[in-house]
Each structure stands twice: as structure tokens, then as C-alpha cells.
Amino acid sequence: MGNKNTNVKNQTNSARASRRCSEFRSKSSVSDATDRMSLNAPVDSKLNRRRSSSVAAVSIGRNNTMKPKRLAPRQCNLIIKSWSRTNKAKVGKDIFEAIFNEAEELKAAFGLSLSMRGKRLRSDPTFIAHTDLFIDTFDFVIRHLDDLPLVIENAEQLGRRHATLNIEDFRPEYWAIFRECIIENVSNEEDRETQIAWRQLILMLIFHMRFGYDRELLKMTRASSNRCITPIHNTGPANEEYANGEYLDL
């Protein structure tokens, strides 16, 4: 009886573990080390004592994330040539369709019905508007590969704008889905050297976009917390205890 229960439990855990993102984890096992937090990294005790607020989560996450390498001039040239021969409209749709195949719940965040699939999804005006905006963003990036600080600044601004969308239940795993869907569809027909260049560029963009997202999210959280502390200006009998500038914690 005990063995039977153990087998059932093991089968359930195995199914649960392989249900989501299994393909991406196998394809990006090498690159994952460059853009995710190291869960086994030792935490300095002094740092741990000093930072007990939510600031620590963002700061430690950034420090434990390896910053992607900058692109070499040859890699920039390979990407520019690759992008010039890309069917941009098709690639944009392929990327978003792949993202929604892996995380269908994200359709709602983009104003799309969960029931939309295939040709109906790809011909939807809202879907096309998002893919066109994505292509315009990449056009900007490719045109300014000779000015990487500008590209990085643009990526962080994009991350901050996404934070203000207040996407409900946004999970960290989505960053890996975005990354791999973009890499797979933008460079799948290129040679090995060009694929590596594209991957390095996407890693850099996602890294800085995520950084901008996390910083803006922290800023919004702080602002929300501050609004919960409301000053009481009425000094009537019912509020005498607050007459000396004390605050009511709502």
C-alpha cells in the first residue's frame, strides 16, 4: 500500500514538473546562468543584516545576476545583415504566437481573447498592433547598435513602461519565455555564429528591460506604501490624540 501511494505521488510530481517550460529549459540550460539569480550563492551576513526591506530583494537579485557581455563589432554586423533579410512582419507574429503558446494567460494582458488562436489570432488588429510595435522597437535597436548605452537606456525605459501596465500575477518565468521565443524565431535560419550574436543581444536587452521593470515596480510599491500613511488634520475632540502631528496608519 505504501509503495503504491509513493508511485502515484512520484508520477504526479513528475507530470507537474514537466508541464511548463520544459522545452525552454532544455534549450537554454547554458544561458540561464547568465540571466537568473543564483539560488545557491552565499549571502554576506552583514549585507543580510543591513537590508531587511524589499530593497534587498531587487539589489541582491541584480548583484547575483551576471551581466551579459557586450557585443563585438563583428557580431553587430552579423545582426544587422540578418535583420535586413528578415521577414519582419512574419517574425513578429511568430514570436508573439510562440509566447502565447507557452503562456496563454498573457493574452489578457495584451487585450486579446484567450480563445484566439491560429489565423484568427494572427489577423486580429490588436495582435498586429503589438507585433508592429515590437518590430519598430527592434528596428530602433538594430539602427543603434553602434551606440549600446542608448540601446541599454531604451531597454530599461521599456521595462519601466511594462511595470506601469500592472500585469496581474506576472511571474519571473515569463522573462525566460520572452527570451527564448525571440531568440528561436529571429535567428532559427541563421548560421551558428549569427545565432550566438542574436542570443547575446537578446540576453542584454532582456537583462536591462528586467532591471528597469524591477526598479519601477519597487518605486510604485514604495509610493503605494507611502499613500497608506494619511495625516489627520482635524483636531476635534475625537482626534485629540493626533493633534500633535501624529499619523493614522490605514
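Residues of the stretch 93-104 that are closer than 23 Å to residue 172 by Cβ and either modelled with pLDDT of 95 or more or assigned to a helix (DSSP H, G or I) (or both): 95, 96, 97, 98, 99, 100, 101, 102, 104. Taken over the stretch 90-115, residues that are farther than 29 Å from residue 79 by Cβ and surrounded by fewer than 18 Cβ atoms within 10 Å (Cβ to Cβ) amount to 7. Could you check the stretch 177-229 and list, in sequence order, the residues that are crowded, with 19+ Cβ neighbours inside 10 Å and among the β-branched types (Val, Ile, Thr)? 177, 182, 183, 186, 202, 206 - these are the residues of the stretch 177-229 that are crowded, with 19+ Cβ neighbours inside 10 Å and among the β-branched types (Val, Ile, Thr). Taking the stretch 125-214 and the helices (runs of 4 or more DSSP H) fully enclosed by it, the elements with 2 or more residues that are within 11 Å of the chain's Cα centre (by Cα) are at 148-163, 173-187. Tallying residues that are in a helix (DSSP H, G or I) and over 18 Å from residue 170 (Cα atoms) within the stretch 105-124 yields 5. Considering the stretch 133-167, and only residues there that are of a type outside the set (A, V, I, L, M) and modelled with pLDDT under 90, the residue that is surrounded by the fewest Cβ atoms within 10 Å (Cβ to Cβ) turns out to be 166. Residue 185 satisfies every condition listed in (1) touching an Asp or Glu at 6+ places or on another chain (Cβ under 8 Å); (2) within 27 Å of residue 220 (Cα to Cα) except (2).
A quick yes/no check of all residues on (1) closer than 18 Å to residue 158 by Cβ; (2) in contact with a helix residue (DSSP H, G or I) (Cβ under 6 Å, 6 or more places away or on another chain):
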site	(1), (2)
81	no, no
87	no, no
96	yes, yes
100	no, yes
107	no, yes
117	no, no
126	no, no
134	yes, yes
140	yes, no
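Looking across the stretch 109-157, the residues that are hydrophobic (A, V, I, L, M, F, W, C) and free of Cβ contacts under 8 Å to residues at least 24 places away in the same chain come down to 110, 112, 114, 116, 129, 133, 140, 150.
The values are calculated or read from the model by the stated rules, or taken from the named source; none is laboratory data. Small disclaimer: the values here were computed from a predicted structure and weren't measured. Positions of Cβ are backbone-derived with ideal geometry, glycine not excepted, and every protein chain shown enters the neighbour counts.
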